[in-house]
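**Student:** Structure incoming, see below.
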There are 2 protein chains.
Amino acid sequence: MKRKLIAISTVVALTAITATVVQAQFAKPDAAIKYRKSALTVMGTHFARIGAVVKGEVPFNKEEVAKNAAIVNTMASLPWQGFGPGTEGGDALPSVWSESAKFHSNSEKLQAATAALNTAAQSGDLEAVKKAFGATGQACKACHDDFRKKS
Amino acid sequence: MKRKLIAISTVVALTAITATVVQAQFAKPDAAIKYRKSALTVMGTHFARIGAVVKGEVPFNKEEVAKNAAIVNTMASLPWQGFGPGTEGGDALPSVWSESAKFHSNSEKLQAATAALNTAAQSGDLEAVKKAFGATGQACKACHDDFRKKS
């Protein structure tokens, strides 16, 4: 019983710390929502540009693909800080907070996928880019399926 | 007269090329507006975090400042592609397009300032960060004064 109470206290304390950090990073929940949407928009835009090359709609220019992949990879680490406690809303489903471990794991899978995409893009190997693009798209989709409102 | 006509034709042709590039990068003007706002939001968020350190509201953590400055510097190159022909609107004043040379020059000044801020931040020298932060803030303001709707 005592152990359980300590465990609960620890969770409460950690939640309070996280909430303070979020508060320090974003003045209001709306700012956090705007930030995470913005980071996802920038990531999605540059990811879609690689997609156009992968689909053959745009000719392969390795410098352009490398530039876009580097931006995608940088952006992939950012949105998650905008999903702190008390920032429910926007396009996010309540599951972001009720299944936070799964959400966190999904965000890490995405970052691993964008890192691999970036490595492939910097190598200039289109076939490797195509493969890594597909894997990254799957990581986007997995998270959208479970954690994003359907439009 | 003939020379003038050639000059006009060249401008028309270049505008058409630029418009095509913008069209290729953004499916619709709204997407360009959303993109540039998003890039500016992400840049502004991380710039403000450095600002909190500069103002003494948050203790100086050089790894955090370096991380924020790197993001600011990456973001500083992005918004401008979202201001192509036919993307008037949002928070942008018509002067973005009627005084495009000045707007472009301002965007280059900002990028030089964020590069210097990034260099200062990576060095871990708080005094250098403060100076470079001030110069970057001036570059933001110069552009907002002339090219952004007053809220």
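The values are calculated or read from the model by the stated rules, or taken from the named source; none is laboratory data. Nothing here was measured: the structure is a model prediction, and the numbers come from that model. Cβ coordinates were reconstructed from backbone atoms using ideal geometry, including for glycine residues, and neighbour counts include every protein chain displayed. Side chains are part of the model used for accessible areas, which takes the heavy atoms of the whole protein and leaves out ligands, DNA and RNA. Shrake-Rupley method; radii C 1.70, N 1.55, O 1.52, S 1.80 Å.
**Student:** Can you confirm whether the range A:61-80 contains a residue that is out of contact with any Pro (no Cβ under 7 Å at 6 or more places or on another chain) and farther than 26 Å from A:G124 by Cα?
**Tutor:** So far as the range A:61-80 goes, yes, one or more of its residues are out of contact with any Pro (no Cβ under 7 Å at 6 or more places or on another chain) and farther than 26 Å from A:G124 by Cα.
**Student:** Taking the range A:71-93, which residues are among the aliphatic types (A, V, I, L, M) and open to solvent by 40 Å² or more (accessible area, probe 1.4 Å)? Even if it seems obvious, please write down each step before you answer.
**Tutor:** Step one: filter the range A:71-93 for residues among the aliphatic types (A, V, I, L, M), giving A:71-72, A:75-76, A:78, A:92-93.
A:L93 - this is the single residue of the range A:71-93 that is among the aliphatic types (A, V, I, L, M) and open to solvent by 40 Å² or more (accessible area, probe 1.4 Å).
Listed here are the residues, each with its yes/no results for (1) among the aliphatic types (A, V, I, L, M); (2) touching a Phe, Trp or Tyr at 6+ places or on another chain (Cβ under 8 Å).
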| residue | (1), (2) |
| --- | --- |
| B:L40 | yes, no |
| B:T45 | no, yes |
| B:F60 | no, no |
| B:N68 | no, yes |
| B:S123 | no, no |
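**Student:** State whether one or more residues within the range B:99-108 are within 14 Å of another protein chain (Cβ to nearest Cβ), modelled with pLDDT of 95 or more and closer than 16 Å to B:A142 by Cβ. Full working, then the answer.
**Tutor:** Going through the range B:99-108, the residues within 14 Å of another protein chain (Cβ to nearest Cβ) turn out to be none.
The answer is no, given that none of the residues of the range B:99-108 is within 14 Å of another protein chain (Cβ to nearest Cβ), modelled with pLDDT of 95 or more and closer than 16 Å to B:A142 by Cβ.
**Student:** Something else about it: Determine the pairs where a residue that is more than 18 Å from B:Y35 (Cα to Cα), located within the range A:24-37, has a partner that is buried (at least 19 other Cβ atoms within 10 Å of the Cβ) with Cβ atoms under 6 Å apart, the partner being 6 or more residues away or on another chain.
**Tutor:** Listed by first residue and then by second, the contacts come to A:F26/A:A32; A:P29/A:T87.
**Student:** Let me ask something else about it. Quick one: is A:A128 open to solvent by less than 70 Å² (accessible area, probe 1.4 Å) and either in contact with a His (Cβ under 8 Å, 6 or more places away or on another chain) or among the aliphatic types (A, V, I, L, M) (or both)?
**Tutor:** Here the answer is yes, as A:A128 does meet what is asked.
**Student:** Yes or no: the range B:83-90 includes at least one residue that is modelled with pLDDT of 95 or more and part of a helix (DSSP H, G or I).
**Tutor:** yes
**Student:** Show the residue pairs meeting these rules: Cβ distance below 8 Å; 6+ apart or different chains; first residue within the range A:47-63 and in contact (Cβ under 8 Å) with a residue 60 or more places away in the chain and more than 9 Å from chain B (Cβ to nearest Cβ); second residue of a type in the set (S, T, N, Q) and buried (at least 16 other Cβ atoms within 10 Å of the Cβ).
**Tutor:** From the range A:47-63, the pairs are A:F47/A:N68; A:F47/A:T136; A:I50/A:N68.
**Student:** Moving to a separate point now. For the range A:1-82, give me every one of the helices (runs of 4 or more DSSP H) that falls completely inside it and has 1 or more residues that are modelled with pLDDT under 95 and β-branched (V, I, T). Lay out the reasoning, then the answer.
**Tutor:** Working: elements: A:2-25, A:29-54, A:62-75.
In the range A:1-82, A:2-25 are the helices (runs of 4 or more DSSP H) which contain 1 or more residues that are modelled with pLDDT under 95 and β-branched (V, I, T).
**Student:** With the requirement that a residue be aromatic (F, W, Y) and touching a residue at least 60 places away in the same chain (Cβ under 8 Å), what does the range A:89-145 give you? Let's see the steps before the verdict.
**Tutor:** Taking the range A:89-145 and keeping what is aromatic (F, W, Y), we get A:97, A:103, A:133.
Within the range A:89-145, A:F133 is the sole residue that qualifies.
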